[in-house]
Amino acid sequence: MAASYFKTDKGRAEIDARQAGLSAKARRLLILVDGRKAAAELLQLSGAGEEFDALLQQLQTLELIGLEASAKVEAGGTVPAAPLAAPAVRPPEPVVPIAAPEVSLARVVPAAELTAVRDLMLSSAREYLGLMGAELIRSLETAEDERSVRACASRWHLAMRESRRGKDAAGSLFAVVRQVLHAESA
């Protein structure tokens, strides 16, 4: 079974607090970790390249992520070399009801999650869109509430899909954004 990582309570708090001094790539990887994605998918989505293993190790050492108990043995039968700093049992994710379409934003996305998804869109826009995404980046930088982040999400997704460098990552990144915003469509 492929390794699957989850955020610890400390990791969820770090997304909001930003106290660990993580690099942009480490922060993006932390945001992407959800307990469901295999390491290979995290590697592709994070854009970390050769730094991926070191970033995973850093997040584990800081106790921001943990390895799923059922995934301790990686494909090929090898056990990860680094000791797990976080508990092996994944804490349950909170169940958040999705607002009915006719109720406008009745359920508010928690500030930490909203900031994390906005940062994910910002970092990927900077990396994949460059100057062509300057206006979108400015909009994302000033987006402070759920409504403005949602408004930017569909523009961001369209720009990512249309960009040469971002089109391969657009679908997977948008799935993360959509999951956090609990949007039926964006």
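Looking at the structure I just gave you, is VAL180 at pLDDT below 85, part of a helix (DSSP H, G or I) and within 27 Å of VAL108 (Cβ to Cβ)? Give the derivation first.
Numbers: at pLDDT below 85: yes; part of a helix (DSSP H, G or I): yes; within 27 Å of VAL108 (Cβ to Cβ): yes.
So VAL180 fits the description; yes.
Quick one: which helices (runs of 4 or more DSSP H) sit completely within segment 73-171 and have at least 3 residues that are more than 19 Å from LEU29 (Cβ to Cβ) and modelled with pLDDT of 85 or more?
Values: elements: 111-128, 134-142, 146-162.
Correct list: 134-142, 146-162.
The values are calculated or read from the model by the stated rules, or taken from the named source; none is laboratory data. From a predicted model like this one, the values you see are computed outputs, not experimental measurements. Note that each Cβ is placed from the backbone with ideal geometry, even for glycine, and that neighbours are counted across all protein chains shown.
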